[in-house]
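A.B. asks: My questions will all concern the structure given below.
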Amino acid sequence: MKSIKKDTPGQRIAALCKDYGISQKELAEKIGLSASQVSRIISGKTSTINSDALIGIAETFKVSTDYILGLSSD
């Protein structure tokens, strides 16, 4: 069985922002959160992500919510 790299959701979101050239502020505007909320998610200071934000992030980057949560590698 292939193991999945256990990045945190914040690490995965940060990597997606970098890959897509989207700032945390731009992501926040796209998904309806404040820039400080996105910053706390990325830094790990917020341990949970509400479902609306999670879905918005997944839709923005065209990835699954499972990918963001670290449950899938794609």
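The values are calculated or read from the model by the stated rules, or taken from the named source; none is laboratory data. Model, not experiment: these values are computed from the prediction. Cβ sites come from the backbone with ideal geometry, for glycine too, and all protein chains shown count toward neighbours.
A.B. asks: Checking the condition part of a loop (DSSP other than H, G, I, E, B) and surrounded by 15 or more Cβ atoms within 10 Å (Cβ to Cβ), which residue from Ile22, Ile68, Ile42 passes?
C.D. replies: Ile22
A.B. asks: Related question: Note down all Cβ pairs under 7 Å where the first residue falls in the range 21-47 and is farther than 15 Å from Ala58 by Cα, the second is of a type in the set (Val, Ile, Thr) and part of a loop (DSSP other than H, G, I, E, B), and they're at least six residues apart or on different chains.
C.D. replies: Arg40/Thr46; Gly44/Thr8
A.B. asks: Moving to a separate point now. Restricting the search to the range 52-74, which residues are over 14 Å from Asp19 (Cβ atoms), touching a residue at least 12 places away in the same chain (Cβ under 8 Å) and either among the aliphatic types (A, V, I, L, M) or in contact with a strand residue (DSSP E or B) (Cβ under 8 Å, 6 or more places away or on another chain) (or both)?
C.D. replies: Of everything in the range 52-74, those that are over 14 Å from Asp19 (Cβ atoms), touching a residue at least 12 places away in the same chain (Cβ under 8 Å) and either among the aliphatic types (A, V, I, L, M) or in contact with a strand residue (DSSP E or B) (Cβ under 8 Å, 6 or more places away or on another chain) (or both) turn out to be Ala53, Leu54, Leu69, Leu71.
A.B. asks: Considering Ile49, Ile57, Ile22, which residue is under 18 Å from Thr8 (Cα atoms), out of contact with any Ser or Thr (no Cβ under 7 Å at 6 or more places or on another chain), at pLDDT 95 or above and of a type in the set (A, V, I, L, M)?
C.D. replies: Ile57
A.B. asks: On to the next question. Is it the case that Asp74 is assigned to a loop (DSSP other than H, G, I, E, B) and in contact with a Gly (Cβ under 6 Å, 6 or more places away or on another chain)?
C.D. replies: no
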